[in-house]
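The structure under discussion appears below in the form of structure tokens.
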Amino acid sequence: MWFALLTVLWALALAGLFYMTVRFHSFGFIRRLVEKSRLLSWCAAFGLLSPLALFLLFNIYTLVIVLLHLVIFTALVQLAARALRALRKRPVSPNAVNITALCLTAVYVGCGFFAAFHVFETDYSFKTDKNIGGSLRIVEIADLHVGITQTGESFARQIQRVNALDPDAVMIVGDFVDDDSSKEDMLRACEALGEVKSTYGVYFVLGNHDDGYFNYREFSGSELRRQLAAHNVVVLEDEAVLVDGRFYVVGRLDKSMLNRKSAAEITAGLDESIYTVILDHQPNDYANEAETCADLVLSGHTHGGHIFPAGYIGLWTGANDRVYGTENRNGVDFVVTSGISGWALPIKTGTFSEIVVIDVTQI
């Protein structure tokens, strides 16, 4: 599937590059070059796209996504210009179309960079009739993909924000690292989790990227686990722990991993009178999790949609049960975070980066 998606992406990028070269060839000063040299005019039109190469400082995917947004905005402005021409009975300057599209793309992509790099705080409140000692504050963090928008050091600064929230527990819901994460960033990010100040510590489940896909990074999934354990992070792999008699934390292996137990298997035998939190990186087992003793299920993975309209495509194809926000099924509260960062792209046009603060109150 990934090969097919990447093939389509590259095909769209090449088509977009050709389309934008043709569009930029309509600039007045480019057309005047035709009088001297047709080849020179086309080279100049293509050269106007060269500033896009700056996005390679991030990665090739960023360049492609920005290019595709430029294509989309140019096509939309061109359609609007045609509609305006039909109303006014006179054409709109190609220069105006091109410049408007460039400005719209710059603003849209700029907002996307801000939404990705700036970490917001999102608060949710739930109630329970189970005895949790009055209240419980959980901070949920997912999809750091350390090295994309957050380095190990900047993540440590986010942890200082978390400490100021006075959490009872911090829960890391997968994709802490990525294939391109450096060992230095991984080590500092793990160290930062050791700096968390919470009543009951830090609980961690793996995502589909934590073990790596291509084995070219400087550390293994096993080394990540060792570093987390060295900084007192509780890594849960299809297991449950009872915390101070107040609540269970159930950590599931990621859906991509072999021999993953069912939600029912992991929660079998738990005291149903005790509040239970399930950590599951991918939000796509809601029907089964809603039939367990769970009270709260925390997920990430979707990045809240990341690049619009990817989130809706995920829902239409059945890849996820939810892309972002909260839902209640059979009395179980489900939360999906957009994540503190995102995969590969330092841009978020369908959502924003966040940490999630969940206050559970006993009634």
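Descriptive notes on the structure:
- Equivalent ellipsoid dimensions for the range 60-187 as semi-axes, Å, which come from the Cα gyration tensor, largest first: 45, 21, 11
- Reported value for the range 227-363: 138 Å³ per residue, from the convex hull of its C-alpha atoms.
- Simple spin-label estimate for LEU87 and ASN259 gives 6.5 nm between the two label positions (7 Å along the Cα-to-Cβ direction from each Cα).
- The average projected area of the range 27-79, computed from the convex hull of its Cα atoms over all directions, is 4.3 nm².
- One quarter of the surface of the convex hull around the alpha-carbon atoms of the chain equals 21.5 nm², the direction-averaged projected area.
- P(r) weight above 25 Å for the range 114-272, C-alpha pairs, percent: 32 percent
- Principal axis extents of the C-alpha atoms in the range 2-116 (largest first, rounded to whole Å): 45, 36, 28.
- Euclidean distance of C-alpha centroids, the range 17-52 and the range 265-330, integer Å: 50 Å
- Per residue convex hull volume, Cα atoms of the range 222-268, in Å³: 75 Å³
- Computed log₁₀ I(q)/I(0) - Debye formula, equal Cα scatterers, no solvent, the range 15-54, q 0.24 Å⁻¹: -0.72
- Loop sites in the range 216-262: GluC sites (Glu not before Pro), DSSP, at most 12 other Cβ within 10 Å: GLU218
- Projecting the Cα atoms of LEU17, LEU104, LEU84 onto the charge dipole of the range 1-142, computed from C-beta unit charges around the Cα centre, puts LEU84 farthest toward the positive end.
- Scanning the chain for DSSP H helices at least 18 Å long along the axis (C-alpha atoms) with a Kyte-Doolittle mean no lower than 0.0 picks out 2-24, 60-88, 94-117.
- Inter-site label distance for ARG31 and PHE114 at 7 Å from Cα along Cβ, in nm: 3.6 nm
- Prolate/oblate/rounded call for the range 318-363, Cα gyration tensor, a/c under 1.5 rounded: oblate
- Span from the the range 175-244 Cα centroid across to the the range 340-363 one, whole angstrom: 18 Å
- Taken about its Cα centre, the chain carries a charge dipole of about 2960 debye when Lys and Arg each add +1 at the Cβ and Asp and Glu each add -1 at the Cβ.
- Residues LEU270, LEU70, ranked from the fewest to the most other C-beta atoms within 10 Å, line up as LEU270, LEU70.
- Label positions at LEU270 and LEU165, each projected 7 Å from the Cα along the C-beta direction, are separated by 2.1 nm.
Only the coordinates and a few stated rules stand behind these numbers; no lab work does. All of these numbers come straight from a predicted model, not from anything done at the bench. Positions of Cβ are generated from backbone atoms using ideal geometry, with glycine treated the same way; all protein chains shown enter the neighbour counts.
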